[in-house]
Structures are given as structure tokens and as C-alpha cells.
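The values are calculated or read from the model by the stated rules, or taken from the named source; none is laboratory data. Being a predicted model, the structure only gives us computed values, none of them experimental. Here the Cβ positions follow ideal geometry from the backbone for every residue, glycine too, while neighbour counts run over all protein chains shown.
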Amino acid sequence: MAEPIQSILIVGGGTAGWMAAAAIKRSVGPNAEVRLVESADIGIVGVGEATVPPIRDFNAMIDLDEAEFMRETKATIKLGIEFNGWGRADSAYFHPFGTFGRGPTLGEFPGSYFALKARGKAASLEAYSVTSHAARRGKVGERSNDPRSALAGFHTAYHFDAVLYGQYLRKVCAGRGIERIEGEIVEVLQRPEDGFVDHVVLKDGRTLKADLFIDCTGFRGLLIEQTLKAGYEDWSHWLPMNRALAVPCAKVRAVDPFTSSTAREAGWQWRIALQHRTGNGYVYCSDYIDDDRARETLLANLDGEALAEPRPLRFVTGRRKKLWDRNVVALGLSSGFIEPLESTSIHLVQVGIIRLLQHWPDMAFSQPNIDGYNRRLTREIELIRDFVILHYHATQRDDTPFWRHVSQMPVPDSLSERVEMFRDRGLLFQVGADEYFSQGSWMAVMMGQGITPRAYNPLYDYQNLDQVAAGFEQTRQAWAATANALPAHEDYLKAKGMWAEEKAAAA
């Protein structure tokens, strides 16, 4: 057995850097040194404010106190995403977290649903999601561990201020013995014999040496790309969005427990309600709209007064060809970027960290272990990529050049196969245990945007469909009643001590 890793240097702070620091320190404990170097002069992107349910597991893994975390980051609860104008210009649907139905007959909800739908005996898909019922009513609650409960399928995530999340993790890490080094890296030195990174040099002349380097330097990829030349796989032919404008506005109403995504002329606009403000942004393709018009569109569609000038971002959707090369692992924007349509940016940081811990190296840095990490994570990223492409591929819109382009563009074969199998007979499947988006998620988006199966599995005709229909109706009523009984979003946060203003007032 080779010698264990003794020192880890995380290059770059922000959400990715401090998430990595907290998780790695928790795992290595006193057995290895964990340090993070960042410069106050280098800004962070920090616009991501929406997450998916696994963030709850990550926060628990690094022992965060949920109420404190929510107060510190001005967080709210997220139950899913409302999509406006994606299927047709006048359409709307909801992609909820959690499950649909109770899983009747053959253990699958979709087959029974399509059999009933064909006979006019099923309601809308949303009616069988307790999470959707709660979101539409502005209610939230907690998932139940009792499989018989309506809330067994109730999954939640968070909206939070990503800059505040990074700052909060930085404070937590400081209390756990993780050294923060202030400084700007001006040079990266490699070992001549194998090209491994040996040390970095700061602007003031200090040198920082480590066994393992974690690159969290954002789009520039200081170590993984500028130094090791890992290469980049460009996906803009499938996901042509290349710019975004982000701006906060004043809070003018009760906070919605969901993200809103509204299709615009050349992309889409997000709306995310936090405790203290509302986050907004326009993600667009500059081939179809100029920056000034995008800015005007964004500012014209805010709930309240803009609290700052829109902040521009430029990006190329894709991933590093090597996510781990030699003794450098890229996390966050250093590893690549998928637009935030399904709130997966922070999730991919989390997945990269978890997979790194599962593939933790020793000083031998065995290539089979590194290759396994790269294959596994690449596959997970590609599956998320396909799900995001689906939203554009499935549109029925042809009212602007942008929507005509994305509706007609070629898509990966892996996505085409899934769509055609669903369109043919409503068949849904997951590629493997590591795929994040569930069958329910695929079903919600495809049906929400107008993809209807031509047929369904004929085995479902052997059921007593009147009895199944009665069960579905019982479920619909139970889910609606359960959601109605939940507390209002803000009331829940205040009762749980999660509301920042309440904490300040009490003090």
C-alpha cells in the first residue's frame, strides 16, 4: 500500500472551494492537512441560488445546523420548478421534487396513469404529486419516513444566496481547523519527471506545496486547464446559451417555495425568492439577441425594484475532457458548466466531491482509480446534460428564430432514444444508480411540454381499471388534503427558527 495523502490544497474559494474544504476535512480529520488559498481581489460567480434535494444530504454530512444555515444564507424551501412558456408560448407546467402517486400495480405509476388517461379517467399529472399540491398553495413541510404517509414522497431542497453560503462555509471551516491563505497565485510549478503539480507561487513570493490539489478557480481552470491542458468538450451545439445577466430585486410578496423559469425570446428568465430579496436572471444565446435587449427584457420583467445593475456572465457549455488529471481534481466551474435550468450547478460540485471521497487516492495516484472517477463522473454529467437539452428539444414553439433553432437542432443519440421510447409507448427508465433525474422527472418535463405516448404497455389493460381509477382519485384527494394542512412557507420558516429577521429581532 502506497503512502497516504498528507496534504490537500484547495485553490479558489466560493461555493465549490468551501464545500470541498468542509467535506474533505470531515473525512480526513487530523490525518491530513487541508488548506484553501483564495484572493479577495478575484471575484466569484456566485449567482446560483437554487439547489436540488441531495444538498440536504451534503449539509447533513458536513454537520451543518439547518436552522443556522438557513438564517445565515437567507434560505427558503424549494419544492420544484415552474416552467412557463416552454411547451407553447401560453403553456405552463410544474416539475416537482418527489414522486408521483403511490406506485400502484406492477410497481409503476406511469403505466397505470397512461392506461387511465387513454380512457379519460385520470387527472393532470400534477394532481398525483403532493409536492405539486403544496407548491401551488405556497405550503411546505417535512418528508415523512413512514412509507404509508402522503409525505413519504415529499422531497425538498433550498434556495439560498450562494455568496452567503460560501461565506458561511468559510466560517464553519475556520472553526474546524482549516487554514485559509489569502493570496493570488502567479505561477504553478510541475514536477519535471511526471508533470504532477508540485507547488504554486503567490504574488508575494510564498510557495504552497501539497500532495493533492483541488482546482476551484472557476471558468479559467488555473490548474486543470492552464497548467495541465486537460482540454474542453464544447456542448454549445446542443446547449447554445452562452450568456447570462443576473440581478436581485426587492421582495414584494410572500416567498414562493419554487423556482420559476419563464421562456423568453432567446432563452429563459429565472425567478428565485429568498428571505430578503428575489434573485432574477436571463440566460440567453447572443446569436439571437444582443446584450442591451437582453438587459431591457430582464429589467422589464422584475417583480420589484432592481437592487443593482445586472451582472453579465459569459460561458461555453461543456466539460473538461479530464476532470481529474494526475494530482489535480477540478470541481465546480473549473470542471465545466451546464446552464442552471434544472439547478444542477451546486449539485455537480457535490457529486464531484462525493465521487472523489469514494475514489480517494494515495500517493501512488493509480491511473485505474483516476480513470474510474473520470468515467463515472463524465457519465453523470452527460445524463444531466441530456435532461437539460430535453427542455429545448421538446418545445413546440416556433415563434422566434431561437425557438425554431432549438426545436430542430440535432440532439445526442442517448436523448433521442429516451424520447422516442416514451413517445412510442410511455416507457421510462434510468440508465443506472448514479443517474440523478428520476423517471418522474423525465415524465414531468416530457408531458409538460406536450410529448404524449402513442400507446402504453398492453399488460395494464389486464388490470381492473375502474378499481385503479378509484385508487388514483383517492390518492389525488389525499395528496390535496395533506398539502392543504401544511403551514404556509414563511410561517414554517419562522416557526423553525430559520428566518433571519426573526433571529435578529429576538437578539
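For D424, indicate whether it is charged (D, E, K, R), assigned to a helix (DSSP H, G or I) and within 14 Å of L239 (Cβ to Cβ). Considered against the rule, which asks whether it is charged (D, E, K, R), assigned to a helix (DSSP H, G or I) and within 14 Å of L239 (Cβ to Cβ), D424 comes out as no. Would a scan of segment 392-401 turn up a residue that is modelled with pLDDT of 95 or more, among the aliphatic types (A, V, I, L, M) and in a helix (DSSP H, G or I)? Looking for residues that are modelled with pLDDT of 95 or more, among the aliphatic types (A, V, I, L, M) and in a helix (DSSP H, G or I), one finds none in segment 392-401, hence no. The residues listed here are K171, K117, K121; of these, the one that is part of a helix (DSSP H, G or I) and more than 21 Å from L64 (Cβ to Cβ) is K117.
Scan segment 269-276 and tell me whether some residue there is basic (K, R), buried (at least 18 other Cβ atoms within 10 Å of the Cβ) and in contact (Cβ under 8 Å) with a residue 12 or more places away in the chain. Yes, segment 269-276 contains at least one residue that is basic (K, R), buried (at least 18 other Cβ atoms within 10 Å of the Cβ) and in contact (Cβ under 8 Å) with a residue 12 or more places away in the chain. For segment 224-245, the set of residues classified as at positive phi and without any contact (Cβ under 8 Å) to a residue 60 or more places away in the chain consists of K229 only.
Filtered by the rule that a residue be assigned to a helix (DSSP H, G or I) and of a type in the set (A, V, I, L, M), segment 343-371 gives I346, L348, V349, V351, I353, I354, L356, L357, I370.
Would you please name the residue that is surrounded by the most Cβ atoms within 10 Å (Cβ to Cβ), looking only at residues in segment 37-88 that are modelled with pLDDT under 95 and aliphatic (A, V, I, L, M)? Ranking the qualifying residues of segment 37-88, first place goes to A50. Report yes if some residue within segment 323-342 is assigned to a strand (DSSP E or B) and touching a Lys or Arg at 6+ places or on another chain (Cβ under 6 Å); otherwise report no. Checked segment 323-342: at least one residue is assigned to a strand (DSSP E or B) and touching a Lys or Arg at 6+ places or on another chain (Cβ under 6 Å). Scanning segment 331-350 for residues that are aliphatic (A, V, I, L, M) and touching a residue at least 40 places away in the same chain (Cβ under 8 Å) gives L331, L333, I338, L341, I346, V349.
For beta carbons closer than 6 Å, sequence separation of 6+ or different chains, a first residue in segment 152-178 that is over 10 Å from T73 (Cβ atoms) and a second that is of a type in the set (K, R), the qualifying pairs are F154/R143; A157/K78; R176/K25; I178/K25.
Tallying residues that are among the hydroxyl-bearing types (S, T, Y) and either touching a Cys at 6+ places or on another chain (Cβ under 7 Å) or in contact (Cβ under 8 Å) with a residue 24 or more places away in the chain (or both) within segment 180-218 yields 1. Listed by first and then second residue, the pairs linking a residue in segment 434-462 that is under 18 Å from R119 (Cα atoms) and touching a residue at least 12 places away in the same chain (Cβ under 8 Å) to a residue that is crowded, with 19+ Cβ neighbours inside 10 Å and of a type in the set (S, T, Y), with Cβ atoms under 7 Å apart and 6 or more places separating them unless they lie on different chains, are Y460/S112. What residue, among those in segment 203-253 that are hydroxyl-bearing (S, T, Y) and under 28 Å from E184 (Cβ atoms), is surrounded by the fewest Cβ atoms within 10 Å (Cβ to Cβ)? The residue in question is T207.
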